[in-house]
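Scroll down for the structure; my scribbles are underneath it.
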Amino acid sequence: MIAHHVLFWLKADTSSEQKAAFYKSLQTLQNVEVVKTFHIGTPAPIERAVVDTTYTFSLILFFDDLAAHDIYQVHPLHKAFLDEFRVFFDKVVIYDAQ
């Protein structure tokens with residue numbers, strides 16, 4: 001099992017409409033056939049010193065194995081998302097765990 005956790009910080013001038021379109025495009029990624037579990041989130045209202053709530057969106061995907069992860073990386077839906085929305089990224093941090 002591979003967990004792929006992506007945290008997105010969008011640029012400060014990203015509008016509400018652009019954020020909604022970004023979210024909608026993130027949702028399309030659940031249609032990639034190798035994705036087993038899928039979750040999009042925003043920071044939970046938890047105030048603890050060790051919890052980072054500065055990101056805009058969180059995307060967590062689970063794959064059966066590294067081969068499935070690699071398929072996802074070059075999948076047309078993933079590439080389309082990146083092509084259209086990477087201009088809104090201020091920062092992206094990815095954690096992959098097995």
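None of the figures in this text is laboratory data; all of them are computed from the coordinates on show. In this text the structure is predicted, and so the values were computed from the model without any measurement. Neighbour counts run over all protein chains shown; Cβ positions are idealised from the backbone, glycine included.
For a quick protection proxy, order the peptides 58-71, 24-37 by their average other-Cβ count within 10 Å, most packed first.
On the way: 58-71: 16.4, 24-37: 14.2.
Top of the packing list down: 58-71, 24-37.
List the relative contact order of the stretch 6-98 as a percent without decimals, with contacts defined as Cα pairs under 8 Å and 6+ residues apart.
On the way: 103 pairs, mean separation 42.6, N = 93.
Relative contact order for the stretch 6-98 comes out at 46 percent.
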*Give a residue-ordered list of calculated ³J(HN,Hα) values for the stretch 7-20 (Karplus: 6.51 cos²θ - 1.76 cosθ + 1.60, θ = phi - 60°; whole Hz; x for Gly, Pro).*
10, 10, 10, 8, 4, 4, 8, 5, 6, 4, 5, 5, 5, 5
*What FRET efficiency do you get for GLU47 and SER16 if R0 is 22 Å and r is their Cβ-Cβ distance, rounded to the nearest 0.05?*
0.35
_Positive dipole terminus of the stretch 43-98, leading residue within HIS69, VAL51, PHE81 (C-beta point charges)_ = VAL51
_Reported label for calculated percent of Cα pairs over 19 Å apart given (1) 37; (2) 47; (3) 42_ = (3)
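Which whole number of Å³ per residue matches the convex hull of the alpha-carbon atoms in the stretch 59-98?
That works out to 72 Å³ per residue.
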*Residue by residue through the stretch 47-62, which ³J(HN,Hα) values in whole Hz follow from phi under the Karplus form 6.51 cos²θ - 1.76 cosθ + 1.60 (θ = phi - 60°), with glycine and proline marked x?*
9, 9, 4, 8, 9, 8, 10, 8, 7, 8, 9, 10, 10, 10, 10, 10
_Using amide H atoms built in the peptide plane, which far-off residues or other-chain residues are under 5 Å from LEU10 H to H?_
THR56, PHE57, ASP90
_Euclidean distance of C-alpha centroids, the stretch 1-27 and the stretch 59-98, integer Å_ = 12
